[in-house]
Amino acid sequence: MPLSQLRPQTQLVRGGLTRSAFEETSEALYLTSGYVYPSPEAAEAAFKGEIERYQYSRYANPTVAMFEERLRLLEGAQVCQATASGMAAVFAALMCQLKAGDRVVASRALFGSCHYIIAELLPRYGIESVLVDGTDLAAWKAALAKGAACVFVETPSNPMLEIIDLAAVAELAHRAGACFIVDNVFATPMLQRPLEFGVDVVVYSATKHIDGQGRTLGGAILCSAAFMKDRLRNFLRHTGPSLSPFNAWVLVKGLETLGLRVERHCRNALDLAQYLEGKPGVRRVIYPGLESHPQAGLARRQMQGGGTIVTIEVEGGKARAFRFLNALGLIDISNNLGDAKSLVTHPATTTHQRLPAEERAALGIAEGTIRISVGLEDVEDLKDDIAQALKA
Ligand SMILES: *Cc1c(COP(=O)(O)O)cnc(C)c1O
């Protein structure tokens, strides 16, 4: 039965599995950097591209290939290429196609390192970058009027969980001649399928929900076969942001439980968001699955769930926010997310600390803003922990 015709949960457990001669149950870990050839003729044919085979793990590795194929099936993409981290995926997706004189238009609300690449690094190489309010289609139209090589967005965004209309931006991007890249980390492949909205390239930090248990870094790029052949393949082969086979093995096993975990993360997150809405000391609760979210309708159309992150603003600014964080007994303080363990971040002093205060204000990040990555604990224990910390 072709796996592409099976349902996502089956693909997550079975996709990409290629068994060795030993017929092992679990995916094998091929911890090898190189491969051997039976003859110089075979080596020559491999290097000429006459035969497809493993040559060197910077190019490809059987364990990494199992991870790539499993994620590819889930995403419904033609090609998946794994990378050593999410940032390696973002950087390669952009740099494999950009050159001096190009323009990039991106949403303003970006993960810190993505912001660094787009706003600081690209201009050093003669690539103009323009940041817009991702929720404002008129702003996209205006910024894209001059044409662009790439459009880059993250939706939902970090940490304010803004939703960008992927179909509408895809149309504007394509009219401007741009390649549309989406960072789908916050939505996860379970909740949002960007390719179905006309997006060209999807990138992931597999470090987050795909591992989901805080063990390894990893990333992935999903794209068309043509993009892989014409843009990405040589860039990756020769710059070397390859995923380690060991980390790929952790991630391919992570995919087996991704559906189960994301479902529970979302259930806990919605429950917690509803519990926090209107609670004394909490000024605002942002969660795409709540009716109070400014783009609740768009979130419903575009996503199959509200996601795993809840962002709140506590009253009393930084002092109260720090008192709250210090009083938490169960939930850990961490800049990571998408973990089995619930994690909280104070964006203004950590992930978004590098931004000027005006930029933070433009993004809506207040001194009292706290991002909660809702884990897999019993949600009643999470509520109890938060309730006692709010009283502190
Ligand atoms: C974590 C993250 C990244 C970067 O991924 P790494 O695996 O840490 O390199 C990029 N984008 C988003 C939205 C993220 O959350």
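Worth a mention:
- The distance from the alpha carbon centre of the stretch 319-382 to that of the stretch 228-272 is 23 Å, rounded to a whole number.
- Given K253/K279; K141/K208; K318/K383; K141/K229, the pairs whose alpha carbons are separated by over 28 Å: K253/K279; K141/K208; K141/K229
- Of the peptides 137-150, 107-120, the order by per-residue mean of other Cβ atoms within 10 Å, starting with the highest, comes out as 107-120, 137-150.
- For the chain, the 222 nm mean residue ellipticity estimated from helices alone, with every DSSP H stretch of n ≥ 4 adding -39500 (n - 2.57) and the total spread over all residues, rounds to -10500 deg cm²/dmol.
- Relative contact order computed over the chain (Cα-Cα under 8 Å; 6+ residues apart), in percent: 16
- Within the shell defined by Cβ-Cβ distances under 13 Å, the residues around R301 carry a net charge of 0, with Lys and Arg each +1 and Asp and Glu each -1.
- Listed peptides 332-339, 366-373 by packing density, highest first (mean Cβ within 10 Å): 366-373, 332-339
- When each of the peptides 259-265, 180-186, 19-25 is scored by the mean number of other C-beta atoms lying within 10 Å of its residues, the order from highest to lowest reads 180-186, 259-265, 19-25.
- Accessible area in square angstrom per residue, the stretch 259-391, 1.4 angstrom probe: 44
- Only the Cβ atoms of Lys and Arg (+1) and of Asp and Glu (-1) were treated as charged; on that basis the dipole of the stretch 119-238 about its Cα centre amounts to roughly 520 debye.
- For the pair T239 and Q388, the difference between a 0.36 nm per residue extended length and the Cα-Cα distance amounts to 48.7 nm.
- Cβ-based net charge around G281, under 15 Å, with every Lys or Arg adding one and every Asp or Glu removing one: +3
- Each other residue within a Cβ distance under 15 Å of G329 adds +1 if Lys or Arg and -1 if Asp or Glu, for a net charge of -3.
- Using only the C-alpha atoms, the convex hull of the chain corresponds to 144 Å³ per residue.
The values are calculated or read from the model by the stated rules, or taken from the named source; none is laboratory data. If you're wondering where the values come from, they're calculated on a predicted model, not measured in any experiment. Because the Cβ atoms are built from the backbone with ideal geometry, glycine has one as well, and the counts that use them run over all protein chains shown. Each accessible area value is taken on the protein alone, full model and side chains, heavy atoms only, with ligands, DNA and RNA left out. Shrake-Rupley method; radii C 1.70, N 1.55, O 1.52, S 1.80 Å.
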